[in-house]
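Notes follow once the structure below has been shown.
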Amino acid sequence: MLEALEKEIKKFKLDELLLSLAELSREIFLNDDFLKKVTWQRRVGGLLQKFEQLIPAWVLADISYTAIRNSNDHRSQIPTFEDICKLANLSAQASGELAAKRKEEIAKEDMKIHILLGLSQKQFWYQEITRGGNLYYNFLRYFILLSKFPRNHFPHHKQPSDDLLELTGFDIESFAQLQMAGFAWVHHSSSINFKVADELKEKCPILTEENLRSCIGHFTGDYNYYRGSSFPNNPLFFKPIIKTSTNKFIISNAFIWARKFYEGIYWLIRDKYMRLQSQAFINNFGEYYEKYIEEVLGFYLQSAQYEKVEAGERRKADWLIHTDRYVLVVEQKSCLMTISLKEEYPSLIQLDRYLDNFKEAYLQIADTVRDLCKTDKTIIKLILHFEKFYLGEALIKERVNSLCKDELQDLSNYFFIDTEEFEKLMQVLSEDEAAFNKIIETKIEYEDSAPISEGKEFIHMINRCAPVIEIRYLEDHKHLFDGLLEGV
């Protein structure tokens, strides 16, 4: 079926096809959805048949990449909406065939996590990106971590803003403003026009055509870039702005561009250090994340409610949080999944290497629990990870438990929680301890139930017991976002 898709794609003028795909992704994004339900008609023989079809945003990205590899700007046919629907259907069938082939190659016991990990990294984040202010909050988290904390608490570190200045010619505030202006294109068109009104230039001198081109250039690839890419997954994920051979600039997929809006600065700097084969930035980011959580705790809780665990000869967990009924032992992990784990069919060997970080967290928490004075309170063991898994916690936990079973006898009450969930959980604790207790009770109850099922994540418990609409800690930093936005 992949051959049929490639053959069909070759009919169309490439830049026009890419623009049609981009515009459809933009429409879906602006509707706060992740797919479009379409109804279209096709004549089959002498009959006019009606079809209903779901077109997810990630399928549009796949078609765009396949098109770049198989067509060019000198074809003559302009795609219609029905053509896009047909290509989406062929793409879905090709993906189904590949999945069936992969299924034969994977050990039965690894099947579930292999398939769901790949699907989650390729697809699930599309469903999350516009939910509940995620785009705005994700931007703020990265900006606080890369701007506020290095400057205020780690002046001896090489500042991320200085790294960015060396890479791009812009400090972090200026680059973020240019990103905001670039992201705003999504609300108007997928075709980029670098013209800037004179009044905007006067209001914000950084907003010039030259500066916008320079900023966007870090996320732009020409056809040679995509065709020669050796990335294990769709290279549009890394450079979502396409420069066509007819000198058009197209935002290939609004969702991928939105993700670059909030995490693009992080990856520009991290890639610099990866090229240098240096761990300095990753290590520093871990310290920024520790300071971030310290400030979150201080924002929501009284000083007597939490304490930093003193490091001894053995590595320990990071925090103890005391409530009337529970002691939460928290170990932070700022590591992000490697690019090779964010493809559709990732290596489980590489997955286990990544999960070794969380095995270490289990052991650190266990050491800390052993050193606690005897308590009648229930001990809850939290592995706090910066990046959202977009994958059911139960599957990750089952895999980590299997890595730890020979070294730990007690694997009870270990739970994974991401940054957003932790912020919301601490907010609930500060506002309504009874609701907090209900969340923990439900978490333990679900943990003891078999079999493994979805819906066990903290976010589901919070949404049921005490929904958090606005994250007060991040709203308290809204002035940082507004300050950047005022210039744009």
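The values are calculated or read from the model by the stated rules, or taken from the named source; none is laboratory data. Quick caveat, the model's predicted, so the values are computed rather than measured. In this analysis, Cβ positions are derived from the backbone assuming ideal geometry, glycine residues included, and neighbour counts consider all displayed protein chains. Only protein heavy atoms, including side chains, enter the accessible area calculation; ligands, DNA and RNA are left aside. Shrake-Rupley method; radii C 1.70, N 1.55, O 1.52, S 1.80 Å.
If only residues of region 408-420 that are at negative phi and touching a Lys or Arg at 6+ places or on another chain (Cβ under 8 Å) are counted, the one that is most open to solvent (accessible area, probe 1.4 Å) is LEU411. Restricting attention to region 301-318, the residues that are polar (S, T, N, Q) and open to solvent by 50 Å² or more (accessible area, probe 1.4 Å) add up to 2. Among the residues of region 275-286, write down those that are in contact (Cβ under 8 Å) with a residue 60 or more places away in the chain and either surrounded by fewer than 15 Cβ atoms within 10 Å (Cβ to Cβ) or over 20 Å from the mean Cα position of the chain (by Cα) (or both). Passing the criteria: ALA280, ASN284. Restricting attention to region 232-274, which residues are of a type in the set (Val, Ile, Thr) and open to solvent by 10 Å² or more (accessible area, probe 1.4 Å)? If the condition is that a residue be of a type in the set (Val, Ile, Thr) and open to solvent by 10 Å² or more (accessible area, probe 1.4 Å), then THR246, ILE265 are the ones that fit. Can you find even one residue in region 198-209 that is assigned to a helix (DSSP H, G or I) and modelled with pLDDT of 90 or more? Yes: region 198-209 contains one or more residues that are assigned to a helix (DSSP H, G or I) and modelled with pLDDT of 90 or more.
Every residue in region 319-331 that is open to solvent by 20 Å² or more (accessible area, probe 1.4 Å) and either in contact with a strand residue (DSSP E or B) (Cβ under 6 Å, 6 or more places away or on another chain) or in a strand (DSSP E or B) (or both), please. Steps first, answer last, please.
Initial filter on region 319-331 (open to solvent by 20 Å² or more (accessible area, probe 1.4 Å)): 322, 324-325.
The one that is open to solvent by 20 Å² or more (accessible area, probe 1.4 Å) and either in contact with a strand residue (DSSP E or B) (Cβ under 6 Å, 6 or more places away or on another chain) or in a strand (DSSP E or B) (or both): HIS322.
If you take the residues of region 151-181 that are among the charged types (D, E, K, R) and part of a helix (DSSP H, G or I), which of them is surrounded by the most Cβ atoms within 10 Å (Cβ to Cβ)?
First, the residues of region 151-181 that are among the charged types (D, E, K, R): 151, 158, 162-163, 166, 171, 173.
So of that shortlist, the ones also part of a helix (DSSP H, G or I) come out as 151, 162-163, 166, 173.
On the way: ARG151: 14, ASP162: 14, ASP163: 21, GLU166: 11, GLU173: 17.
So the residue we want is ASP163.
One residue stands out among those in region 467-488 that are farther than 28 Å from ASN211 by Cβ and not aliphatic (A, V, I, L, M): the one that is most open to solvent (accessible area, probe 1.4 Å), which is GLU470.
Against the list (1) at pLDDT below 95; (2) open to solvent by less than 20 Å² (accessible area, probe 1.4 Å); (3) among the aliphatic types (A, V, I, L, M); (4) over 19 Å from the mean Cα position of the chain (by Cα), the condition ALA184 fails is (2).
When you check GLU447 against the structure, is it modelled with pLDDT under 90 and in contact with a strand residue (DSSP E or B) (Cβ under 8 Å, 6 or more places away or on another chain), yes or no? Please lay out each step first, then the result.
Working: modelled with pLDDT under 90: yes; in contact with a strand residue (DSSP E or B) (Cβ under 8 Å, 6 or more places away or on another chain): yes.
Yes; evaluated as a whole, the condition is true for this residue.
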